[in-house]
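Report on the structure given below.
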Amino acid sequence: MIRSAALLVAVVAAAAVLAGCGSSSGASGGSGCEDVPVGLNNQVASSLSTGFTVDGFQAAKSHDDKGVWFVSARAVDPGGGVLYPLWATKDLSDTGTMFAVDNKSQQVAPEMATLPGLSATDEGAAKSKDCARKANSKGS
């Protein structure tokens, strides 16, 4: 019985580590993935091009001197194609401001402003897309 309990604890601990990016608790436990506050999600949602949907927003901190959070989400275009656009914010809170970073984000939400000096190749950008892909692969 002790062996079974130890195995159960090990399985639960492994599952918690693998959960990483999709956690609703702001999964910063070493994964580098953070949930995005509803206020920032709503900024993108209120600027969507006709027929697009977005969900599963995730952020990753840029550790260079730019001091931004890169944010990505699963976007679905009117034809059902899936994209992972890239946005950025300097304030990962409900009161922060989201900015478009790449062509995909400008396609999904064309009215959003850009933040000069950022690109999809900056540190943290790829991580945010990876976080969004992982978060959106759960339960689908």
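Determine which residues of region 94-122 fall in the zone a paramagnetic label at residue 63 would reach in this model, i.e. backbone nitrogen under 17 Å from the point 7 Å along Cα→Cβ. Within reach of a label on residue 63: 122.
In terms of Cα atoms, the Rg and Dmax of region 69-123 work out to 11.2, 33 Å.
The order of 34, 111 by accessible area, most exposed first and with a 1.4 Å probe, is 111, 34.
Between residue 82 and residue 113, the modelled label-to-label distance comes to 3.3 nm, taking each label 7 Å out from Cα in the direction of the beta carbon. Within straight-line reach of residue 104, meaning a Cα separation under 16 Å, sit the following lysines at least 8 residues removed in sequence or on another chain: 129.
Report the semi-axes of the equivalent ellipsoid for region 29-140 in whole Å, largest first, where each axis is √(5λ) for an eigenvalue λ of the Cα gyration tensor. Please report the intermediate quantities before stating the final value.
Numbers: eigenvalues 75, 53, 32 Å².
Three semi-axes, in Å: 19, 16, 13.
Rolling a 1.4 Å probe over the protein chains gives residue 74 an accessible area of about 70 Å².
The values are calculated or read from the model by the stated rules, or taken from the named source; none is laboratory data. Here the structure is a predicted model, which is why all the values come from computation and not from measurement. As a convention, Cβ positions derive from the backbone with ideal geometry for all residues, glycine included, and neighbour counts pool all protein chains shown. Note: areas computed on protein heavy atoms with side chains; ligands, DNA, RNA excluded. Shrake-Rupley method; radii C 1.70, N 1.55, O 1.52, S 1.80 Å.
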